[in-house]
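The values are calculated or read from the model by the stated rules, or taken from the named source; none is laboratory data. Please read these numbers as outputs of a predicted model, since none were measured by experiment. Glycine also receives a Cβ, built like all others from the backbone with ideal geometry; neighbour counts cover every protein chain displayed. Just the protein is used for accessible areas: all its heavy atoms, side chains included, with ligands, DNA and RNA removed. Shrake-Rupley method; radii C 1.70, N 1.55, O 1.52, S 1.80 Å.
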Amino acid sequence: MTKAPVVTLDGPGGVGKGTVSALLAKHFGWHYLDSGALYRLAALAAKNHGVDFTNEEALAVIAEHLDIRFDQQDSGVKILLEGDDVTSQIRSEEVGANASRVAAYSRVRDALLKRQRAFRTEPGLVADGRDMGTVVFTDAPLKLFLTASSEERARRRWQQLKDGNIAADFEQVLVDIQERDERDSSRAVAPLKPAEDAVIIDTTELSIDDVFNQAVALIKDRVE
Ligand code: C5P
């Protein structure tokens, strides 16, 4: 592993990690790892190839051989799976729920580990996910763990879906978030939890700017 600085942002779905991580990466000129996208891509590839979501062996093979590309464009990152643009498709609630199913298998997680660590290159990395601080980058000099009430997270996720022109029912988004939290927190491998040395930020009453500013101050203090 290189010694490029890495800042980890972990936390449950809809907490705003993705938005804050992307802003931080841009601000510091660092790379950005959206690890959730990898699990979403594995889930979509499994579905496309007709793989059963209970078949760990076959899911691990899919994860190992994922043919994906993250293309940086002016408008954001374009995500390709086997050559197809799946940038908005992987954001659906269905793909998210399937991602949390495949993510429960240790062989799938192992298959994605090396790919995630490969993102750690100079000048630095912001890594967003569930186990960035507890498993993937345990030696990160700064680990953040974002939380917020499930209602607030459902509201943010619903708004995000709406902004992306994806139709969604608020009550259903809330139920999905709660089910996903339960599955992500109770699984045997790499459960969602703060690293012992993580700084926990409750964002329920905070704006994206507030969280961003707190994170920038912590990075300047501890990493730069
Ligand atoms: O963050 P996002 O909603 O895109 O993640 C989708 C799913 O992928 C999560 O619900 C979680 O089960 C899984 N995941 C994970 N470990 C990560 C990132 C995501 O298990 N580091």
Original post:
For the subset of segment 118-136 comprising residues that are open to solvent by less than 10 Å² (accessible area, probe 1.4 Å) and over 19 Å from residue 220 (Cα atoms), which member is nearest to the ligand (Cβ to nearest atom)?
Top reply: 129
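Go through 190, 127 for me and flag whichever is part of a loop (DSSP other than H, G, I, E, B), under 24 Å from residue 42 (Cβ atoms) and in contact (Cβ under 8 Å) with a residue 12 or more places away in the chain.
Being part of a loop (DSSP other than H, G, I, E, B), under 24 Å from residue 42 (Cβ atoms) and in contact (Cβ under 8 Å) with a residue 12 or more places away in the chain holds for just one of 190, 127, which is 190.
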Original post:
Are any residues in segment 96-117 touching a helix residue (DSSP H, G or I) at 6+ places or on another chain (Cβ under 8 Å) and away from the ligand (no atom under 13 Å from the Cβ), and if so, which ones?
Top reply: 107
**OP:** Kindly establish whether residue 189 is among the β-branched types (Val, Ile, Thr) and within 13 Å of the ligand (Cβ to nearest atom).
**Re:** yes
Original post:
Among (1) under 20 Å from residue 16 (Cβ atoms); (2) open to solvent by less than 50 Å² (accessible area, probe 1.4 Å); (3) part of a helix (DSSP H, G or I); (4) not hydroxyl-bearing (Ser, Thr, Tyr), where does residue 151 come up short?
Top reply: (2)
**OP:** Among the residues of segment 103-133, write down those that are of a type in the set (S, T, N, Q) and under 14 Å from the mean Cα position of the chain (by Cα).
**Re:** 116
Original post:
Got a number for residues in segment 26-42 being surrounded by 19 or more Cβ atoms within 10 Å (Cβ to Cβ), out of contact with any strand residue (DSSP E or B) (no Cβ under 7 Å at 6 or more places or on another chain) and either within 13 Å of residue 72 (Cα to Cα) or basic (Lys, Arg) (or both)?
Top reply: 1
**OP:** Working only within segment 77-106, note down all residues that are farther than 20 Å from residue 13 by Cα, in contact (Cβ under 8 Å) with a residue 24 or more places away in the chain and either in contact with a strand residue (DSSP E or B) (Cβ under 7 Å, 6 or more places away or on another chain) or open to solvent by less than 30 Å² (accessible area, probe 1.4 Å) (or both).
**Re:** 81
**OP:** Please list, ordered by first then second residue, the pairs with beta carbon atoms under 6 Å, 6 or more apart or interchain, first in segment 141-158 and in contact (Cβ under 8 Å) with a residue 40 or more places away in the chain, second of a type in the set (Ser, Thr, Tyr) and open to solvent by 10 Å² or more (accessible area, probe 1.4 Å).
**Re:** 148/204; 149/204; 152/204
Subject >> Residue selected from segment 107-137 under the condition among the aliphatic types (A, V, I, L, M) and in contact with a strand residue (DSSP E or B) (Cβ under 8 Å, 6 or more places away or on another chain), by the criterion farthest from residue 180 (Cα to Cα) >> reply: 125
**OP:** Considering (1) in a helix (DSSP H, G or I); (2) basic (Lys, Arg); (3) in contact with a Leu (Cβ under 6 Å, 6 or more places away or on another chain), say which one residue 69 fails and leave the rest.
**Re:** (1)
**OP:** Give segment 188-203 a look and list any residue that's out of contact with any Leu (no Cβ under 8 Å at 6 or more places or on another chain) and surrounded by 18 or more Cβ atoms within 10 Å (Cβ to Cβ), or say none.
**Re:** 190, 192, 195
